[in-house]
Amino acid sequence: MSQPVRIGLLRLADSAPVLVAANRGLFEDCGIAVQISVEPSWANIADKLIYGLLDAAVMLPPLALACTLGLRGVRAPLLVPMGISEGGNSVVLSSDVAAAVGGETGAIATGRRFAAWAHAQPEPPRLAVVHVFSTHNLLLRYWLAACGADPDRDVRIVSVPPELVVTAMAEGAVAGFCAGAPWGTVAEEQGAGRVALGSSEIWASHPEKCLAVRAAWAADNPLVLQGLLRALLRAGRVCDGGAQAEAVADLLGPEFLGLSRTACRAALPGGDAREHLCFHAPAVWFPWRGHASWFLGQMTRWGWLDGIAEQDERAAVQSYRPDLLEPVARSEGLNWPDEARHPQRRHRGAWIWEADPGPINMRADAFCDD
Amino acid sequence: MHVLLADDDAVRAVALMRVLAAVPGLTLSRLQSGQLLADAVAVHAPDVVIVDMARPDRDALDGVRRVTEANPRPIVMFVDQDDPDFMEAAISAGVCSYNVAGVPPPDMRPILRAAIALFRRHKEAQDELRTVQNRLEERGMVDRAKALLIRERRMTEPDAYRWLRRRAMASGRRIPEIARDLLHDSGKAQP
């Protein structure tokens, strides 16, 4: 066995597949050894990947793209060979703001009322996200803009780590936040605020975390990478099975990460949270280049890619590498889709994706303003 | 030049402040415990920020140029493009530094080098402490396992030790591990 794969993750419910793979011996079954590193910040994950102190990480896709483009520090090519999770984030408003905005309604109606409330404030209210280059930030901005609020003028978006954001909101330092599971439910458990909507109500079946690996490491360790992908595919399937949700919640809670067990359980399959995580079916694992393009398109929209050459942007899309996953996915008996056949994902209902050998029954993947 | 130190470890922070106080032309402030990094940067308006990488709020600096209208000078991580080993040493010691762009970038290397040395020494001391603690815990466990054998199997102390050693050799494991299993099986793992 070669050097253990150093894989980084944060204390979040969507780290589950890595923990499950370690706990059930799936990495060993696939012939690899893994050393898990629980990091305190996304910046640590990014810096350690860049300087070779980590080989792989459960990562925010926009942050992986930002590293590849050199938007934060040195340029460091990362590859995205696999998706890890879909959905699972919550937009939470503090109790006061939620009372002012009111009502259980759809994403657009709630957003319009929030925009009206924000316009009426003397100062733009502060909303927290986990990192500037996060899915959370881009989805929150998309939603605000779709509801008539300018995310750069009508609100102030700040970065606050999830474990501090609930307290910050309770103290009135932020009006609300968008963060991954279990933090929405934690805020409700502590009576600090209310989940106004789930991220799937902004973009149904949206990609959330991905696996990112250092390009140089992947080139030097093709077989180890295959073992890693295989173990994580199997672990994703375990995490999706409702029967395993209790055991997965134990790992996220008392046994390993020390998160709120009940709040994690609520976000797993069969749980009672408003927003759920999905780890495998129907094609969570597929690294869609269309997703990379969407993230880059949104980063362009907010002026973050000013000064980046178009060819560099195209190269960043190519950092998504379905070709690395394909042999592993096929040998695990998964139907392999052809992205070229469905470049657009804006289906309001279930749809069928042509794949080999059989088709994949996909779920709705429309946006809130479609 | 104004340096803000964001380190909640009081002993380490004081030691680093003392080292940096000797550098001419340097003024220093320290982040208050419980204060968010982004807020402290807005209040102190430093030219350089030295950050303990164990802080979860370090993410706030990645986006600071986009989020603080009150202090719109961008903050960029100090990166030594020519010397990746230097950066690796800093990150593995657990410390990094940021420059506030818009002021001429000072030579950060001597300052960061001092921080790296301190953080590394601190980490080694902690690792050593942990090893000492582990060793003490292990010895306690072996003592309790011996007492158990003496009490319940009526062995003499040398016999009890030999019993543990024989088991360890037969299974290719360490004596403390055998002791832990024995205590665990008898429900006496806790002191």
Restricting to the stretch A:46-66, what's the tally of residues that are more than 10 Å from chain B (Cβ to nearest Cβ) and either modelled with pLDDT under 95 or under 15 Å from the mean Cα position of the chain (by Cα) (or both)? 8
Checking the conditions here, which among B:Arg151, B:Arg173, B:Arg166, B:Arg135 is charged (D, E, K, R) and not in a helix (DSSP H, G or I)? B:Arg173
Verdict on A:Leu164 being outside the structural domain of A:Ala109 (by TED's automatic domain parsing) and not in a loop (DSSP other than H, G, I, E, B): no
Look at A:Val80 and say whether it is without any contact (Cβ under 8 Å) to a residue 40 or more places away in the chain, crowded, with 24+ Cβ neighbours inside 10 Å, within 29 Å of A:Pro269 (Cβ to Cβ) and in contact with a helix residue (DSSP H, G or I) (Cβ under 6 Å, 6 or more places away or on another chain). no
First in the stretch A:319-333 and under 23 Å from A:Ala66 (Cβ atoms), second anywhere and surrounded by fewer than 14 Cβ atoms within 10 Å (Cβ to Cβ) and among the hydroxyl-bearing types (Ser, Thr, Tyr), Cβ under 8 Å, 6 or more apart: none
Mind listing just one residue for me: the one in the stretch A:104-140 that is in a strand (DSSP E or B) and either over 21 Å from A:Val165 (Cα atoms) or within 10 Å of chain B (Cβ to nearest Cβ) (or both) and, of those, nearest to the chain's Cα centre (by Cα)? A:Val129
Scanning the stretch A:253-276 residue by residue, those touching a Cys at 6+ places or on another chain (Cβ under 8 Å) and either assigned by TED's automatic domain parsing to the domain that holds A:Asp365 or under 17 Å from A:Glu208 (Cβ atoms) (or both) turn out to be A:Leu268, A:Pro269
Go through the stretch A:178-204 and report how many residues are among the small types (Gly, Ala, Ser) and crowded, with 24+ Cβ neighbours inside 10 Å. 9
Odd one out for A:Ala168, checked against (1) surrounded by fewer than 24 Cβ atoms within 10 Å (Cβ to Cβ); (2) touching a helix residue (DSSP H, G or I) at 6+ places or on another chain (Cβ under 9 Å); (3) of a type in the set (A, V, I, L, M, F, W, C): (2)
Answer yes or no: is there a residue in the stretch A:356-363 that is in contact (Cβ under 8 Å) with a residue 60 or more places away in the chain, of a type outside the set (Gly, Ala, Ser), assigned by TED's automatic domain parsing to the domain that holds A:His280 and not in a loop (DSSP other than H, G, I, E, B). no
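The values are calculated or read from the model by the stated rules, or taken from the named source; none is laboratory data. Quantities reported herein were computed from a predicted structural model and do not represent experimental measurements. Every residue, glycine as well, gets a Cβ built from its backbone with ideal geometry; the counts of neighbours run over all protein chains shown.
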